[in-house]
Each structure stands twice: as C-alpha cells, then as structure tokens.
1. Looking at (1) assigned to a loop (DSSP other than H, G, I, E, B); (2) at pLDDT 90 or above, find the lone condition where G448 falls short.
2. How many residues does region 494-517 hold that are outside any helix (DSSP H, G or I) and at negative phi?
3. Does D585 meet the test of being in contact (Cβ under 8 Å) with a residue 24 or more places away in the chain, in contact with a helix residue (DSSP H, G or I) (Cβ under 7 Å, 6 or more places away or on another chain) and of a type outside the set (V, I, T)?
4. Being at pLDDT 95 or above, in contact with a strand residue (DSSP E or B) (Cβ under 8 Å, 6 or more places away or on another chain) and more than 22 Å from V473 (Cβ to Cβ) is the requirement here; does F285 meet it?
5. Quick test of your reading of the structure: H111 fulfils all but one of (1) out of contact with any Lys or Arg (no Cβ under 6 Å at 6 or more places or on another chain); (2) within 20 Å of L162 (Cβ to Cβ); (3) modelled with pLDDT under 95. Name the failing condition by number.
6. Which of the residues that make up region 295-325 are part of a helix (DSSP H, G or I) and over 18 Å from Y268 (Cβ atoms)?
7. Going through region 147-176 one residue at a time, which ones are under 19 Å from K91 (Cβ atoms) and in contact (Cβ under 8 Å) with a residue 60 or more places away in the chain?
8. Only one of E368, E328 is assigned to a strand (DSSP E or B), of a type in the set (D, E, K, R) and within 29 Å of R109 (Cβ to Cβ). Can you tell me which?
Amino acid sequence: MLKSLEAIERYRHTPSAEEALSAAPPWLKLLASAEAPVVNLERFASLREMALSNPVLDYVERSLRLLDALPVSYWIKELAEETLVWCETAKGGTYRERLGWQAQGINFRVHNIGSAQLYERYRTAGGPASERSQLVRALVETHGLVGQELRGEVPPQDHDPLARALERSLDSIEERERLLTALNYCIIAAVSPALWAEVEPLVAPVVRRIAAGNPAGDAPLPLRERLRRLRTQSIRRGEDFAGGLDALDARHGLLAALRPLAPKTFWYVESALEDFSLEQFLKVFAIVARDASLPDVKHVSFENVMNAMYYDYKGSKKINVYKKRIIEKYLGELDWDRILAGDVRHDNPHLRHRLVRKEGLPDTLFFEFEFSAAADKLIDFCVEAEKSSLYEKAVLLLFDLFGLRRDAYDRFHNEETYLADMNSTADYKKVILDYVVGEKALDIGPGGGVLLDLLEERLPHVKAVGIDISQSVIEALTRKKHAEARGWEVLQGDALALKDYVEPGSVDTVIFSSILHELYSYIPYNGTRFNRDTVAAALRSAFDVLAPGGRIIIRDGIMTEPDARRVIRFLQPDGLPWLERYSRDFAGRKIVYERLSDHEVVLPVNDAMEFLYTYTWGEEAYVHEVQEQFGYFTPSEYERFIRDALGEKAEIVALRHYLQEGYTEALADKVAVFDEEGRAAPLPDSTCFIVVERRA
C-alpha cells in the first residue's frame, strides 16, 4: 500500500482529531483541516451530503487508491503519488489560513497554481530544489489541465511549463507519456470511472503533444471551439450552439469582440452558467472581454456565481430558480451594442454584475452577480416559504420587486415535472388533430411540445409553431427541437397579441390546449385576475390571425350545469383540513361549504369539483393549483361568450364536454360523492372541447 494511503488510514482511525493531525504529513494536515470546501458543485447531487464530509480529502484518497492498483513502474508510482497528495492542497486549510495565503500571494482560488505554491513552500524547508522536485512542482501546477483543455477551460499552451519540465527530467517521450497517462487516469477516474471511459480517447492525443514538447499542436485552438466545449452539456440537451453563435456573430461581430479571452483560463464556467441560455452565457463573456483590467489577467473565475446559484431542494441540489429568472431578466435588458462598447451600466437597484479583483491575487478576475440586501432576504424567504401557504405571497413580492410578469413565470419549481405532465396528456391531445385545417397551426402554450410532435408526425403538411411567453419553456423546446431534429418552430410571444408575431390571415389553426384557464387565472387584464375579458382578448387575438375557413380549437376546463349541490365524504383523515385550507387559499372565487360531520361536507357542485382538482394533484402542486381556476364557464355560457366575443363571423362547429379520464380513479380512495338525497353521484364533467371556425 502507498505510504500516503497508510497515512490517511491512520488519520481516519485515530479517535482524537488533534492527535491524528499532529502525526500527519503536511499535505494531509492541509487537506484534513479544509473548511468551506472549494469544490466544483456539478459533481455533487446534494449540498448537505457534501457538507457532512470532506470531499477534497475523499477525492485525493480515491485518486491514490487508483494509483495503488495501477501496474506501473516504481518511479512513475512515486512521482504520481507525490503529485496527487499535493495537487488539491490549496482547497484545504482553515478559513484563516486561506486568508493568510491570499495575503502572501498564494492563489488558492486557482487551486493548481496555489497547490504548486504550497508545495514549493513546504519543499524549500528541505533545501535547494532538485530536478525531481521541479518536475513534481510542474506536475502539481498543471494537474488537471488536460481535462480542462477538453472542457474548453484552458488553452493548450498552458501545458507548456510541464512540457519543458518533462524535457529536462525525462529523455524518453514514451516515459513522459506513461507518466502523464497514469497521472491523468488517477485524476479523472477519481471523479468518475465512467468519465474516464468517456474521455480516455481524447486524453491520449493531448498527452502525446505534451510529451513531444508541442502542447499547443500545429495550430492554436480557436476560441470558437473553446466556447463550444464550454457548452458541452447544453449542446447534449439540444442547444443549437453553431446556429446561435453564428447568428449573434453576424449581427454583432461577437467572435472578434471576444478575442481578448483567447489566452485566458476559465474556472467553474459550466457549473455557474450551463443553465443559462447561449445568448445569456455569451453576454457574460462579452462583459468580461470588455473589462478594462482584462489585459493584466490570466484567470477568470465564476466560482462566486456557482456557489450562489445552488441550494438543496427536497434533499437534492437544485439551481436557485428565483435567482436564475431574475438574472435572466437582467441580462435580457442589457443591450448588445452597449455591452460591446464597454457600457454595461444597469439601473436595477436590486441586482448588478461585478468584476472583482482581490488583494494578493493580481492575475485573477472574479465575475459575480450581487443582489441587494432586500432581494437576498426576499429570495431566502421564498426558499423558506416553499410548500407553505406563504409561498405564493413570497413569490408575488419577488415579482413586484423586480418587475416580473406573473404569467411569464408560472412555475418556479418542478418545471421539468410540469413539462412531463404536459407531455403525458398526448392521448387527450390526439383528438385535436381531427379538427386541424390548412397548412399552418399555432400551438399556444405548447408546454413540453407533445402536440407539436403529434402535428409533425400525423400531419406532416402542417407547419407547426409553438408560442409561449416563458423564456424557459422556449429554451427547453428549442433544445428538444435540435436534440430530436424536429421541424416545428417556437416563438416567444404573448397570446393576447398574436398579430405582433404572425401576419394576420396567415394562420389556419390556433390551438389552446389547457392554456386558457391559465391566462384567465394569471394575467391581470385591466388590473384584474380571473377576468373573462382575458379569455375574450385571447380568442380575439387568435381570430385576428386566422385565414378565412381557419379554426380555433379549445380544450380546457368546464363548469357543470345546473349548479346542484354535492355531499363529499372524506375517506382520508387529511380531507377536511385540506378543504378548510383550500377555502382560505383559493384565489379564484370564494368557496363556501357546510360542514355536516367530521368527515362530510355539502357544497355547490362546481366548488366541489374545483376543490377536487387540487386535492387530486396533492401537496406537491398545492401552491400552484390554488392560484388557478380550471372551470370558468358552463357549456351554455361558453357558447354565448364565444359568439359575443368573436361576432357573426365565428361559427361553433364542435362543442362537447366530458370527465377527463383518471379523476375518478385518482379520487377513489380519497372521497365518496353523493347528491343531497344520499345517492352516489358521479363526478361532473371536467373538460370541454370546442372548435370555432372563421367564416369567409
């Protein structure tokens, strides 16, 4: 067993921490005393679990165990061992020690540089540097850079100090290759064996270039390629990197403007920015590229953005979507021409970006977003209020503070679940296809894109376009489009002003599938939510862009008629408390019920059904569902409303209503429903299907 592993095992099995550290070698003392670990958060599923361990020491131990099992020569194992025990030491130390290092010019924020500096400090106590110790220092200083080159974080020429050190110490190119291959295997496989299996073929040519003394190869790596590598995960999720970059470059000469970044190294980019769109990502890089202090800088760090963007949600690490949406709006309001002119002022009093230089670290520039104290407290309040009755109020306060539109940011959490739920309604949406006419169809509020897929697959002659006001939905659909090579299009736009995005008379079918009730519930039309005028405005907006003979197709909630009363018998002990809470929190209208016993109530059938919609979805959806009214017209009211809103040129060619499959089964063990005479009663219809045609 390696001596370093023996030292780690003694440390871990010594009961007294003080005694364990007193006997530990210097590198182990640094690693074991790490406070507030400096780590790449993309490798962790839970921040809480990370905080309960020492991830840096754990990683070093994994790398050493891999080395211990390698069938390599003694001299390779010895060099690699000394390198591995020191290569993460700048991530160790107490908080006070780190401040001292920074004052002394030890760059613990760029940990390979800082670790090499610490190695040099401790080594000099043993006398003048030997050729071997100079090689180890170079190996520590450049450790991990092969992987970082593959990720786009460093330019290939950053391997040059290592190439020169290898030339001085090892005559054989083959020996250099064996050493570097073994070392990079331990470094990368300690992160993940699967990662090593994925990148091993890419590591080999980089190692060969370094070993041959030509780390940059025959030509420098273009900045465009580095940027592409920095978006690897986004591209895998469907981002059209080439198309997006080409479009921005054509409009703004972006690649030329970003050229000052070519020789720089980037830290924690994907962890900090991969959840933002390509344009937002490039705006951040353009801001950095135009900074006046950039010529003096070697390293650009996004560590502070990374650390601020995540928290644990239900036990798992999740991006702080409150901050993300606010930053998205902030970046969206920054004009490209001003950014490229170096004028990046923003008048938002609660958020700004900062480019920070820290004393003692002259070669490093830190990019960060700074929220005001009020914004920080309010975001913390939203986090604490999740899953409570305060949540919606907290979110609305956040909207007000930053001027966000409520309908544009419908669901902060469970967006993936929401889109998946939208996709799961494919069977219900297939009936829509029978009524689609013409060659161009708009899907308003396309959710996860299932209807767009169905239109493309079943009606290939129809040009399908999804329109949604949410930037996050548009980004998700754009990724899906490119990942699956879909032919449909998506546009960010307002359902109440469709003629601003498509030419009037150019559309044959407009589809509102389970979206009108959301417009009704969330858009404060003329200052009022739950406003039928919102629905009228949406229908008129669609009618305005229809060609003669074109159709509006509606699938949405419905109320029943006549408005009888129903008795609900709760079969679960939480039923009555649910109704009591729901009647207080439901924003759509006042829910009135009469309590008959500890487990029975009587109330109007439409109030009963509106409550049961939310009770069906459960606690996870509660904070959203109490803000939505699913049924807002009876069938006869809907028919009159359409005629009044659209006039004599509108002909209703289909109007039916039904109970959506699944509600009866989902509620079977929760409630029993009776009429006022005590007879078992079925659930009323939940959903309507309406087709309106524009006469010539």
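The values are calculated or read from the model by the stated rules, or taken from the named source; none is laboratory data. This one's a predicted model, so the numbers in the text were calculated from it and none came from an experiment. Cβ coordinates were reconstructed from backbone atoms using ideal geometry, including for glycine residues, and neighbour counts include every protein chain displayed.
1. (2) is the only condition that G448 fails.
2. Residues in region 494-517 being outside any helix (DSSP H, G or I) and at negative phi: 14 in total.
3. Criteria not met by D585.
4. No.
5. Answer for H111: the failing condition is (1).
6. P295, D296, V321, Y322, R325
7. Passing the criteria: Q148, R151, E153, V154.
8. E368
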